[in-house]
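Asker: Below is a structure I'd like to ask you about.
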Amino acid sequence: MDQWAHVIIQLELSFANKALRELCESSVKADRKLGVDVANELRRRVADLRAATSVLDLLIGAPRETREDQIALDVGPSFQLTFCANHNTVPKIESGSVDWSKVSRVKILSIESKNV
């Protein structure tokens with residue numbers, strides 16, 4: 001049996017900028033900027049992204065396409081995390097839309113109030 005037969009590929013995350021990376025990876029910074037409740041939800045959404053093998057695995061956070069090439073996830077009742085595919089050549093279906101089932105790299109673009 002092939003030794004790699006059971007390797008599970010997880011989504012690879014990147015961030016639009018250093019401040020966003022720090023917000024997602026530092027509990028202290030997230031707690032301070034977003035409040036403890038929203039920061040806890042943010043940690044859960046980032047953990048969900050890291051654990052997923054495909055964008056289509058995401059069930060929590062009411063995933064939805066906000067634009068043809070972006071998906072938003074709820075982070076608590078008033079914030080959302082937005083990301084896009086982060087491939088040199090983004091996988092597309094015949095219609096030209098992103099083929100989210102083949103996306104293995106995503107870039108977190110923003111965490112913002114849903115009222116924005």
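The values are calculated or read from the model by the stated rules, or taken from the named source; none is laboratory data. Please read all numbers here as calculations on a predicted model, not as lab measurements. Here the Cβ is made from the backbone with ideal geometry for all residues, glycine too, and neighbour counts use every protein chain on show. Ligands, DNA and RNA are stripped out before the accessible areas are found, and what is left, the full protein with its side chains, is counted by its heavy atoms. Shrake-Rupley method; radii C 1.70, N 1.55, O 1.52, S 1.80 Å.
Asker: What number of residues within the stretch 85-111 satisfy the criterion of being within 14 Å of residue 67 (Cβ to Cβ) and without any contact (Cβ under 8 Å) to a residue 40 or more places away in the chain?
Answerer: Of the residues in the stretch 85-111, 5 are within 14 Å of residue 67 (Cβ to Cβ) and without any contact (Cβ under 8 Å) to a residue 40 or more places away in the chain.
Asker: What are the residues in the stretch 18-37 that are touching a helix residue (DSSP H, G or I) at 6+ places or on another chain (Cβ under 8 Å) and of a type in the set (A, V, I, L, M, F, W, C), if any?
Answerer: 23, 24, 30, 34 - these are the residues of the stretch 18-37 that are touching a helix residue (DSSP H, G or I) at 6+ places or on another chain (Cβ under 8 Å) and of a type in the set (A, V, I, L, M, F, W, C).
Asker: Right, residue 17: open to solvent by 70 Å² or more (accessible area, probe 1.4 Å) and closer than 22 Å to residue 112 by Cα or not?
Answerer: Values: open to solvent by 70 Å² or more (accessible area, probe 1.4 Å): yes; closer than 22 Å to residue 112 by Cα: yes.
Yes: the conditions hold for residue 17.
Asker: Give the stretch 47-84 a look and list any residue that's touching a residue at least 24 places away in the same chain (Cβ under 8 Å), within 25 Å of residue 113 (Cβ to Cβ) and among the small types (Gly, Ala, Ser), or say none.
Answerer: 52, 76, 78
Asker: Restricting attention to the stretch 56-70, does a residue exist that is of a type in the set (A, V, I, L, M), out of contact with any strand residue (DSSP E or B) (no Cβ under 9 Å at 6 or more places or on another chain) and closer than 19 Å to residue 9 by Cβ?
Answerer: Narrowing the stretch 56-70 to residues of a type in the set (A, V, I, L, M): 56, 58-60, 62.
Still in the running and out of contact with any strand residue (DSSP E or B) (no Cβ under 9 Å at 6 or more places or on another chain): 56, 59.
Checking the rest, the ones that are also closer than 19 Å to residue 9 by Cβ come to 56, 59.
The answer is yes, given that some residue of the stretch 56-70 is of a type in the set (A, V, I, L, M), out of contact with any strand residue (DSSP E or B) (no Cβ under 9 Å at 6 or more places or on another chain) and closer than 19 Å to residue 9 by Cβ.
Asker: Of all the strands (runs of 3 or more DSSP E) wholly in the stretch 21-116, which have at least 1 residues that are open to solvent by less than 50 Å² (accessible area, probe 1.4 Å) and modelled with pLDDT of 90 or more? Break it down stepwise before answering.
Answerer: Numbers: elements: 64-67, 70-75, 79-85, 105-113.
Result: 70-75, 79-85, 105-113.
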